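First comes the structure, then the notes that go with it.
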Amino acid sequence: MHLSYESQVLARHLNMFNQCSILFAGNITDSFPQQLKSQGAEVHIWTWYFDYAKTLSKDTYTFNCHCCHQADLIIFYWTKNKLENQFQLLQILAQSPHGQEMLIIGENRSGIRSAEKLLTPYGEIVKIDSARHCSLYSFKLTHQPSFQFDTFWNTTEIMPNIIVASLPGVFNANMLDEGTKLLLSTLNDCHFSGDILDIGCGAGVIGAYLKQRFPHIHLVMSDIHAMALASSRRTLQLNNLKGEVIASDVFSHICKKFDLIISNPPFHDGLNTDYRAVTELITQAKRHLKDNGELRIVANRHLTYSSLLDQQFGSHTVLTKNNKFIVYSVHHQ
C-alpha cells in the first residue's frame, strides 16, 4: 500500500519510534503501522473506519468508539472534522499518564494548525517538521483533560416525529441534507415490505424514516464509520424502532438479498473525491437484490451514474430531480 504524505513525513523520524509501544489513532489509511510492526515495533491501531480495519489482522486494531489502549507513544492522524479530532484526542489523553508523548500529523489543508489551540491547555506542543504539504507536531501531556462521552451526543428532531442522535463526524448530524430530503420524498407514495438495506446509514435518518412508515419491514443498516453505527443504533432506540446495524464496507459483510437497497452514497474520502464506494454499490447490487428487487439512490446532478446503472441493469428510471440532486431507481429482473 502506498504511504500517505502524512506517513512519509513520519518516516523521516523513525528514531523517535525505537524501543517503545505505539498507538496509532485518527485518520490512518495506509500500511505504515504494519511496516513498523514487521520491523519489531509494538503497534496497536484504534480506528473508526471499518474499510481500513478489515485490511488489518484482528490482533492489531480496535474498531469502536471507545479507546481503552495505552502506549508509550501515540501517533494521531488529523482528520478534517474538528469536533471529531477533539473527541478522539480528549478521550485518549483523559486516560493517559502525565508526561504522555504524542505526535500529531496532518495535511495543512485539513486545518492541522488548530491542533495548537486544542492541545495547548493540556501540555507542550511544538511543530517539529513540515513537508509534503503536511505539518508534524510533538506534544507532551502535563494537564490531563476531563472527558465525558455523553456530552458529545447531539440529539435533534430532524423531521416531524423522528429524533436523530449523532456523534462527531457523522453525516446528517444536525439537519436533513437536501439529497436525503429529495430521496425521502420519493417514498411518500410507495409501499415497501420484506428486507430493506440502507447502505451508508450515517445517523440513521433513512432507515428510521422507512421503519416508522413501514413497521413490518426487516431493516438492515450499514456503514464503515464506528460513530455512524453507534448513532444509528441510538436513533432507532430513541424512536422505539428495531433494526439491525452492522459494519460493512459497501457489501463486504452483507450476506443476504433484499427487496430494496437504498442509499445516499458518499463520494468523498476525507478531503478527496472518491467514487469507489458508489461504483461498488452499483456494480455489486444485483447479487444482493431479490428478483424484482430495487436499488434506489440519490446523487449530485454533476455525478453521471446513469451510464453505469444502464451498464449493470439495462436501463434506469429518474424518480425526481431538482437543480442539485437526482434520484435514480433500477430493478433486478
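The values are calculated or read from the model by the stated rules, or taken from the named source; none is laboratory data. Please read these numbers as outputs of a predicted model, since none were measured by experiment. Using ideal geometry, Cβ is built from the backbone for each residue, glycine included, and neighbour counts are taken over all protein chains shown. Note: accessible area is taken over every heavy atom of the protein model, side chains too, but ligands, DNA and RNA are not part of it. Shrake-Rupley method; radii C 1.70, N 1.55, O 1.52, S 1.80 Å.
How large is the accessible surface per residue of the chain, computed with a 1.4 Å probe and reported in Å² as a whole number?
Accessible area per residue: 46 Å².
Express the Stokes-Einstein translational diffusion coefficient of the chain in µm² s⁻¹, to the nearest whole number, given a Kirkwood radius over alpha-carbon pairs, 10 °C and a viscosity of 1.306 mPa s.
75 µm²/s
Out of the trypsin sites (Lys or Arg not before Pro) in segment 228-325, which ones are loop residues according to DSSP with at most 14 other C-beta atoms within 10 Å?
Loop-located and lightly packed - LYS242, LYS256, ARG301, LYS324.
What is the spin-label model distance, in nm, from THR151 to ALA94 if the labels are put 7 Å beyond Cα along the C-beta direction?
Result for the modelled spin labels: 0.8 nm.
State, as an integer percentage, the relative contact order of the chain based on alpha-carbon contacts under 8 Å between residues 6 or more apart.
Relative CO of the chain lands at 12 percent.
I need the calculated FRET efficiency for the pair GLN284 and VAL318, taking r as the beta carbon distance and R₀ as 22 Å, to the nearest 0.05.
Computed FRET efficiency for GLN284 and VAL318: 0.50.
Distance in nm between label sites at HIS302 and LEU83, each 7 Å beyond Cα in the beta-carbon direction?
2.6 nm
For each pair in LYS58/LYS242; LYS82/LYS117; LYS117/LYS140, compute the distance between the two Cα atoms and list the pairs where it is over 18 Å.
LYS58/LYS242
Would you kindly derive the ³J(HN,Hα) couplings of segment 219-227 from the backbone phi angles with the Karplus curve 6.51 cos²θ - 1.76 cosθ + 1.60 (θ = phi - 60°), listing them in order in whole Hz, with x for Gly and Pro?
Using θ = phi - 60°, the values come out as 9, 10, 10, 9, 6, 9, 9, 4, 5 Hz.
Arranged from highest to lowest average of other beta-carbon atoms within 10 Å per residue, in what order do the peptides 156-169, 30-43 appear?
Ranked from most to least packed, the peptides come out as 156-169, 30-43.
Full extension from LYS54 to LYS242: what is 0.36 nm times the residue separation minus their Cα-Cα distance, to one decimal in nm?
Gain on extension, LYS54 to LYS242, equals 65.0 nm.
Rounded to the nearest 500 deg cm²/dmol, what is the calculated helix-only ellipticity per residue at 222 nm for the chain, with -39500 (n - 2.57) per DSSP H run of length n ≥ 4?
After summing the helix terms and dividing by residue count, I get -7000 deg cm²/dmol.
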